[in-house]
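Down below is the structure, laid out as structure tokens.
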Amino acid sequence: GDSVTQMEGPVTLSEEAFLTINCTYTATGYPSLFWYVQYPGEGLQLLLKATKADDKGSNKGFEATYRKETTSFHLEKGSVQVSDSAVYFCALSAGRGYSTLTFGKGTMLLVSP
Amino acid sequence: EPEVTQTPSHQVTQMGQEVILRCVPISNHLYFYWYRQILGQKVEFLVSFYNNEISEKSEIFDDQFSVERPDGSNFTLKIRSTKLEDSAMYFCAIQGSGANVLTFGAGSRLTVL
């Protein structure tokens, strides 16, 4: 079945450091890929998405490129801020049902000043 | 104001008791979803609900669970005779703008003792 694997957290960085959170997936067909973010006390919010191979999703300085050959969708940001501290979820939608998402476990990011 | 409000934010219950979790979207939506996340594990799909009917459900969503829209706005998840392993964060979601984009509530944390 479909699955998403994310790197274990927490990821601890200093402000302005470079961020990479790895995500790989297993799916039949051609899934859409997503990154959701959950700030403390809030719901999951869509951060970015990509719907086909080689697409790059970007938002708020975060980027992720849909790599079909490596079945990956790694999240990157060149310079993190304290306000980026949150839990980041990689997810896919493989068209099974309407908008049903398969999530990874989530990776907590802690950014210190 | 959040697009999706969930209540209660945290509920503690005794094993065997019934629990009702509520989801209130800010505006009318046709599609609703419930997901859950057991501590340290993946966010898992439970059920999708369209036009007052279940449209898809996972293996987790057995006879212990039910969903309904009792008054045309609230959307509820009922868990009958709770078990210890039902302890989790339960997320309600609505269909957002664009296909495969879900807007989530902040979650209801259920603790079964």
task = Give the long-range amide H neighbours of B:Q17: residues separated by 5 or more places, or on another chain, with amide H under 5 Å away, using H modelled in the peptide plane at 1.01 Å from N.
result = B:T82
query = Whose amide H sits under 5 Å from the amide H of B:A106, counting only residues 5 or more places off or on another chain, with H placed in the peptide plane?
reply = A:G43, B:Q6
request  = Leaving out ligands and nucleic acids, note down the accessible area per residue over the protein assembly as shown with a 1.4 angstrom probe, in whole Å².
outcome  = 48
note = Accessible-area loss of at least 50 Å² in the complex relative to the chain alone (1.4 Å probe) applies, within segment A:10-52, to A:L44
inquiry  = From the phi angles alone, apply the Karplus equation (6.51, -1.76, 1.60; θ = phi - 60°) to segment B:54-70 and give each ³J(HN,Hα) in whole Hz, x where the residue is Gly or Pro.
reply    = 5, 9, 7, 9, 8, 5, 5, 7, 9, 5, 5, 9, 8, 10, 7, 10, x
inquiry  = For the interface of A with B, what's the total buried accessible surface in square angstrom, probe 1.4 angstrom, rounded to the nearest hundred?
reply    = 1800
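Determine the sum of side-chain charges near A:P113: Lys and Arg each +1, Asp and Glu each -1, restricted to other residues whose C-beta is under 14 angstrom from that of A:P113.
Taking every other residue near A:P113 into account, the sum is -3.
Top to bottom by accessible area (1.4 Å), largest first, where do B:D71, B:D86, A:D55 land?
The most accessible residue leads, giving B:D71, A:D55, B:D86.
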ask   = On the accessible surface of chain B, probed at 1.4 Å, how many percent belong to carbon and sulfur atoms?
value = 48
message = For a quick check of understanding: with a 1.4 angstrom probe and all protein chains in place, what accessible area in square angstrom does B:I38 have, to the nearest ten?
response = 40
ask   = What residues of segment B:37-61 lose no less than 40 Å² of accessible area with every protein chain in place versus their chain by itself (probe 1.4 Å, heavy atoms only)?
value = B:K42, B:V43, B:E56
note = The longest stretch of chain A containing none of the chymotrypsin sites (Phe, Trp or Tyr not before Pro) that sit in a DSSP loop with at most 16 other Cβ atoms within 10 Å is A:19-97
message = Checking the cross-link filter: which lysines have an alpha carbon closer than 21 Å to that of B:K57, excluding same-chain neighbours under 8 positions apart?
response = A:K105, B:K42, B:K78, B:K83
remark   = Amide H contacts under 5 Å for A:M108, restricted to residues at least 5 apart in sequence or on another chain and with H modeled in the peptide plane, are A:G9, A:V11, A:Y88
remark   = Between the alpha carbon centres of segment B:15-58 and segment A:1-72 the gap in Å comes to 23
task = Excluding B:S108 itself, calculate the net charge of residues whose Cβ lies under 13 Å from the Cβ of B:S108, where each Lys or Arg counts +1 and each Asp or Glu counts -1.
result = +3
task = Could you look at chain A and say what percent of its accessible area is carbon and sulfur, using a 1.4 Å probe and all protein chains?
result = 50
remark   = So, with points 7 Å from each Cα along the Cβ direction, the A:E15-B:S9 label distance in nm works out to 2.7
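The values are calculated or read from the model by the stated rules, or taken from the named source; none is laboratory data. Everything numeric here is computed off the predicted structure, so don't read it as measured data. Glycine also receives a Cβ, built like all others from the backbone with ideal geometry; neighbour counts cover every protein chain displayed. SASA here: full protein model, heavy atoms, side chains in, ligands and nucleic acids out. Shrake-Rupley method; radii C 1.70, N 1.55, O 1.52, S 1.80 Å.
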